[in-house]
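Everything on this sheet refers to the single structure shown next.
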Amino acid sequence: MRVGIAGAGFIAETHLIEYAGMDVDVVGVASPSGPDGVIEKYAHDATAYTDVATMCVGEDLDYLDVCTPTHTHLDAVRTAAGAGVGVFLEKPIAGSLNEAHAIAEAVEEGGVPFMVGHVVRFQPDYVTAASLEIGHPGVARARRLSPFPDWGSDDWFADREKSGGIFVDLAIHDLDYLRWCWGEVERVFARRHREPHVEHGFVVLRFENGAVGYVEASWAQPESRPFTSELELAGDDGLVELSTDDEAPYREWTEGGATVESPHAKGGYRRELEHFVSCVESGQEPDVGVTEAIESLRLGIAAERSADRNEPVTVREVVV
Amino acid sequence: MSLDVGILSAAHVHTDGYATQLADRVDVTFVGVTDEDGERGRACADRHGTEYVADADALLGRLDAAVICAPNADHRAWVERASAAGVSVLCEKPLAPTLDEARAIVEIWESAGTEIGVAMPLRFSEPARRAKRALEDGEIGSVRAISGTNRGKMPGGWFADSEKAGGGAAMDHTVHIVDLVSHLTGEAVAEVYAELDTRFHDIPVDDVNVLSMELTDGTPFLLDGSWSIPETWHTWGDATVELLGEDGTLAVDSTDQSVVHTVASGPDAGVRTVSHATNTSAALIADFVESVREGRDPMTTPDEGLKAVAVVEAAYESAERGEPIAVQYR
């Protein structure tokens, strides 16, 4: 399996670490700023490119793993799909529905395997939570709290035109997961606090099945607070709870500070990439294809719109 | 000098917590309990070694102060009756099931020569008091967003009877955190969007209570006050609030000071947690008793209790109309 990676940032590094343990060959990494740093660290056999198109043509890729900023997704997918190369695309699929539909078109025309990396659906804790019985769904609670992402090239997360904003970029993890668990959402109501390099949002959901949910997403936490994600699924016959804050399966204290880790033989990133690889090999449809990714993006955009307008937004009316 | 204190109706689940305090305090004579339900009142009096007095006026005639543990719909009548008898009262939350009744209580308070307080025990929670100091000292800077929870088990009985309670989870489990947030920030809730429903229990009132609010300074404030906790959970529920500030975040979980207790056999077999937190009922009753003795306001006054009632009323209106509602306080 010949894989090329577009991008050399945080997600590219994360994926490269997983590929090192998988039966795939990362043959090229393309980044306009030059991928030499990540190649040296994680992929000694890969060729460096500054341009995705050249890599797609030159390396006879089975698929391109797109780890670039959201606003560049459409170009990367068009390039790969146009060259008959499959695409694994980091979430969100795009920053707008127009771009997402153009991606869908490119994938359709290219007839290539395609999946969006909604990694939460593959995380052992969230997968386990989704499998547990709670009776009829009542209220879902999901929180995802982090400092402002300072790892984006050219500070692209700070540009809402590029990132789509906190609901489209961060809350979408939980919006997608909750859709996966409880089905489509009828309406959303969202509020947020926004400043340069600070964003914190709440979105309340009413599912088509009648259940209520809410997602809290933060890009405003102090650096001293470890990334925190929490989930509760409350039903009429049970309650499921998880919090990364409560888990301490591995702890280490040194003079330099303290660390807490939750090690898995295969975590969410490994599982999503292995799933896609097996789909490329078998020709099977990946679990998070174009349609699923677009529906989750629609929820994120509905939330952004609700926060902009201070009114509830019916999700199916969000068409552009 | 000992203060003569009684309990007016033992309907509320918090009655025993307050009664224990009244019985324990050396500066209080726990005169008695009256209750429209004689059996319930007598049982409560027996549990706490005091007298059951069937004639409420007779009891009021012997009291300096009383704690109202009646269903919400009876709060106003008890406040009126006690105030007319010159008896100071601490009224269980919410102050009243409607804004009109809350206003009537505020009017009584404004002209009464007695003290009237509202039972908001979270203001006495030590983690919450620590948060108040942190905010006052500017430890996290100005507040940008607030997220709270007050989930519980479905209390049943009159709590699920809209005639007596005035509503369900939104009536029961909105006011604690709303009051705490306004106590901590000095801001009121300006607007409420509510998703309410009945999805956990076969009851005629709401048990789903998710509120998206905005404070008067524009701060977004999300609250989940649903009765979504299964009967078999390790404790009664939770009461948390997290405040995001420009220089940091602080999180208060008033139920997280606890010891895990596993019972091996018998009817209580299972895992539960037992609180070791500073007793908020004790602090609440102490503040009330002292306020009566000193002739000062208790910690939470009826005008503040009214604010939380106004938020509840706006929440029900929002759920009915499907849009955010500006809270009317006057």
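Restrict the check to the stretch B:153-163 and report whether at least one residue is over 19 Å from B:Leu211 (Cα atoms) and within 14 Å of another protein chain (Cβ to nearest Cβ). Give the derivation first.
Of the residues in the stretch B:153-163, the ones over 19 Å from B:Leu211 (Cα atoms) are B:155-163.
Now drop any that are not within 14 Å of another protein chain (Cβ to nearest Cβ), which leaves none.
No; the residues of the stretch B:153-163 include none that is over 19 Å from B:Leu211 (Cα atoms) and within 14 Å of another protein chain (Cβ to nearest Cβ).
With the requirement that a residue be crowded, with 24+ Cβ neighbours inside 10 Å and either in a strand (DSSP E or B) or away from every other protein chain (no Cβ under 12 Å) (or both), what does the stretch A:200-215 give you? Talk me through it step by step, then tell me what you get.
Of all residues in the stretch A:200-215, those crowded, with 24+ Cβ neighbours inside 10 Å come to A:200-205, A:211-215.
Those that are crowded, with 24+ Cβ neighbours inside 10 Å and either in a strand (DSSP E or B) or away from every other protein chain (no Cβ under 12 Å) (or both): A:His200, A:Gly201, A:Phe202, A:Val203, A:Val204, A:Leu205, A:Val212, A:Gly213, A:Tyr214, A:Val215.
Residue by residue, here is whether (1) within 13 Å of the chain's Cα centre (by Cα); (2) at positive phi; (3) part of a loop (DSSP other than H, G, I, E, B); (4) not basic (Lys, Arg) holds:
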| residue | (1), (2), (3), (4) |
| --- | --- |
| A:Glu99 | no, no, no, yes |
| A:Met115 | yes, no, no, yes |
| A:Asp150 | no, no, yes, yes |
| A:Trp156 | no, no, no, yes |
| A:Lys162 | no, no, no, no |
| A:Asp169 | yes, no, no, yes |
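Within the stretch A:73-92, how many residues are part of a strand (DSSP E or B) and closer than 28 Å to A:Pro149 by Cα?
Going residue by residue through the stretch A:73-92, those that are part of a strand (DSSP E or B) are A:86-90.
Retained after the next criterion (residues that are closer than 28 Å to A:Pro149 by Cα): A:87-90.
Looking only at that region, the number is 4.
Condition first: at pLDDT below 95 and either under 29 Å from A:Asp176 (Cα atoms) or among the hydrophobic types (A, V, I, L, M, F, W, C) (or both). Now tell me which residues in the stretch A:57-92 satisfy that.
Hit for the stretch A:57-92 is A:Val57, nothing else.
Of the residues that sit in the stretch A:226-247 and are closer than 14 Å to A:Glu261 by Cα, surrounded by 13 or more Cβ atoms within 10 Å (Cβ to Cβ) and not hydroxyl-bearing (Ser, Thr, Tyr), which one is nearest to the other protein chains (Cβ to nearest Cβ)? Show your work before the answer.
Taking the stretch A:226-247 first, the residues closer than 14 Å to A:Glu261 by Cα are A:226-229, A:243-247.
Then keep just the ones that are surrounded by 13 or more Cβ atoms within 10 Å (Cβ to Cβ); that gives A:226, A:228-229, A:243-245.
From the residues that got through so far, the ones that are not hydroxyl-bearing (Ser, Thr, Tyr) too are A:226, A:245.
Details: A:Pro226: 12, A:Asp245: 9 Å.
Here the answer is A:Asp245.
Considering each residue of the stretch A:52-72, count those that are assigned to a loop (DSSP other than H, G, I, E, B) and either at positive phi or more than 23 Å from the chain's Cα centre (by Cα) (or both), and give that number.
Applying the first criterion (assigned to a loop (DSSP other than H, G, I, E, B)) to the stretch A:52-72 yields A:59-62, A:67-69.
Narrowing the set further to residues that are either at positive phi or more than 23 Å from the chain's Cα centre (by Cα) (or both) leaves A:59-60.
So the answer is 2.
Can you work out which of the residues in the stretch A:271-306 that are of a type in the set (Gly, Ala, Ser) and either buried (at least 24 other Cβ atoms within 10 Å of the Cβ) or in the same structural domain as A:His101 (by TED's automatic domain parsing) (or both) is nearest to A:Ile17 (Cα to Cα)? Talk me through it step by step, then tell me what you get.
First, the residues of the stretch A:271-306 that are of a type in the set (Gly, Ala, Ser): A:278, A:282-283, A:289, A:293, A:296, A:300, A:302-303, A:306.
Then drop every residue that is not either buried (at least 24 other Cβ atoms within 10 Å of the Cβ) or in the same structural domain as A:His101 (by TED's automatic domain parsing) (or both), which leaves A:293, A:296, A:300, A:302-303, A:306.
Details: A:Ala293: 25, A:Ser296: 27, A:Gly300: 29, A:Ala302: 34, A:Ala303: 33, A:Ser306: 38 Å.
Residue satisfying both the conditions and the ranking: A:Ala293.
In the stretch A:142-199, what residues are within 11 Å of chain B (Cβ to nearest Cβ), surrounded by fewer than 18 Cβ atoms within 10 Å (Cβ to Cβ) and closer than 22 Å to A:Ala130 by Cβ?
Correct list: A:Glu186 only.
Being touching a strand residue (DSSP E or B) at 6+ places or on another chain (Cβ under 6 Å) and either loosely packed, with under 15 Cβ neighbours inside 10 Å or at pLDDT below 95 (or both) is true for just one of B:Ser88, B:Ser2. Which residue is that? Spell out the reasoning first.
Details: B:Ser88 fails: either loosely packed, with under 15 Cβ neighbours inside 10 Å or at pLDDT below 95 (or both).
Residue meeting the stated conditions: B:Ser2.
Need the failing condition index for B:Ser83 against (1) of a type in the set (Ser, Thr, Tyr); (2) touching a strand residue (DSSP E or B) at 6+ places or on another chain (Cβ under 6 Å); (3) over 16 Å from B:Ile7 (Cβ atoms), just the number.
Unmet for B:Ser83, out of (1) of a type in the set (Ser, Thr, Tyr); (2) touching a strand residue (DSSP E or B) at 6+ places or on another chain (Cβ under 6 Å); (3) over 16 Å from B:Ile7 (Cβ atoms): (2).
Would you mind stating whether B:Glu304 is in contact (Cβ under 8 Å) with a residue 24 or more places away in the chain, under 21 Å from B:His176 (Cα atoms) and either in contact with a helix residue (DSSP H, G or I) (Cβ under 6 Å, 6 or more places away or on another chain) or in a strand (DSSP E or B) (or both)?
Working: in contact (Cβ under 8 Å) with a residue 24 or more places away in the chain: yes; under 21 Å from B:His176 (Cα atoms): yes; either in contact with a helix residue (DSSP H, G or I) (Cβ under 6 Å, 6 or more places away or on another chain) or in a strand (DSSP E or B) (or both): no.
Considered against the rule, which asks whether it is in contact (Cβ under 8 Å) with a residue 24 or more places away in the chain, under 21 Å from B:His176 (Cα atoms) and either in contact with a helix residue (DSSP H, G or I) (Cβ under 6 Å, 6 or more places away or on another chain) or in a strand (DSSP E or B) (or both), B:Glu304 comes out as no.
Would you check which residues across the stretch B:283-321 are more than 30 Å from B:Ser162 (Cα to Cα) and of a type in the set (A, V, I, L, M) and list them? Spell out the reasoning first.
Quick first cut of the stretch B:283-321, residues more than 30 Å from B:Ser162 (Cα to Cα) only: B:283, B:286-287, B:289-297.
Within the stretch B:283-321, B:Ala283, B:Ala286, B:Val289, B:Val292 qualify.
The values are calculated or read from the model by the stated rules, or taken from the named source; none is laboratory data. From a predicted model like this one, the values you see are computed outputs, not experimental measurements. Counting neighbours? That spans all protein chains shown, and the Cβs are built from the backbone with ideal geometry, glycine included.
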